[in-house]
Amino acid sequence: MVDRGIRLAVSLAVATAMLFGGSLTTVGYIDQARVQVILSGPNVVRCNRAATIGARVVSTETGRPVRNQVVRWSLVQSQSGGDGLSASSTVTDRRGRTAVSLSFGPVAGARTVRAAVTVTSPSITVRCAGGLPQTSTRPPDDHVAQPLNALLMPEALPALVEPAGGLPITGIRLGRLGINLPIVEGDGFSAPEGAAAHYPGTAWPGQGSNTYLYAHAREGHFLELWQVRTGDRVQVDLADGDVAEYRVREIRPVVSWDAVELLEPSTDEILTLQTCLTYEDTAPRFVVIAERVASA
């Protein structure tokens, strides 16, 4: 029989992690029984709210839950003093489940929670957003922008910079409406001039999930999106010279500014386009959802 100390050392070397959707699984050992620790939680929530982070501990040999197991929680990445966990440790129930509440302060960004179970300590990252990006029409000349809610204003707005190596996509076109815009990486808050922005952290074409693009409701931007019809074709130009084509399947003309669930990953490959109806910070957003069309 392998010595217990050696077995524990080996477990550290073979522990693996797998991230898919909003859950993460790691493998380790409790005593000499191999276990999985499965974390689950939302991908994005509204700031100044709370989210539940769940953990499930099961035996990989029998598939049975591990009950009465202590899970030690820690917040290893935060953004503001209002971030916190409801407990530093919890105990699994008879189904091998336990959970902790993660509270968010007002600052947008990612929070990472770690759950330690003996030799394995998986982590999960949840992002908070103040709301959907601001894609307002141009305000009157005498309008003075005054944020109506601190949730809308991160402490610092990062510059719109292109990641090293460039973006996987370069432009978006909707021929019937005359939309033809380059694409830049966004900050998740404000829309750029003369381009559509990719919401950071959402998918890219070909990844089988939700690609989220947004632009101002102005001429030459996404203003013409108000005239979109179901069945319209949208082309996204890829950096390798190829084209990803989508078909509009859903039009949502009045979406609440804080409907951050639209930023969540999807089970099918979609393209979400967003613009606004007026210049107010909390004005409803105009959202279009298109589905990927298979290449001929």
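Take the alpha carbon atoms of the stretch 266-289, find their center, do the same for the stretch 72-135, and report the distance between the two centers in whole angstrom.
Here the answer is 27 Å between Cα centres.
Report the local net charge at Arg95: Lys and Arg +1, Asp and Glu -1, summed over other residues whose C-beta lies under 11 Å from its C-beta.
With Lys, Arg at +1 and Asp, Glu at -1, the net is +4.
Can you give the extra length, in nm with one decimal, that the chain gains between Ser74 and Glu261 once fully stretched, where that is 0.36 nm per residue apart less the Cα-Cα distance?
Full-extension gain reported as 64.8 nm.
Could you derive backbone 3J(HN,Hα) for the stretch 223-231 from the dihedral phi with the Karplus parameters 6.51, -1.76 and 1.60 (θ = phi - 60°), listing whole Hz in sequence and x where the residue is Gly or Pro?
In residue order, the calculated couplings are 4, 5, 4, 4, 9, 5, 10, 4, x Hz.
For each of Thr135, Thr278, Thr92, count neighbouring Cβ atoms within 10 Å of the residue's Cβ, then give the residues from fewest to most.
Ascending number of Cβ neighbours within 10 Å: Thr278, Thr92, Thr135.
FYI, it's all coordinate maths here, none of it is from the lab. Just so you know, these numbers come straight off a predicted model, no measurement behind them. FYI the Cβ positions are ideal-geometry reconstructions off the backbone, even for glycines, and counts take in every protein chain you see.
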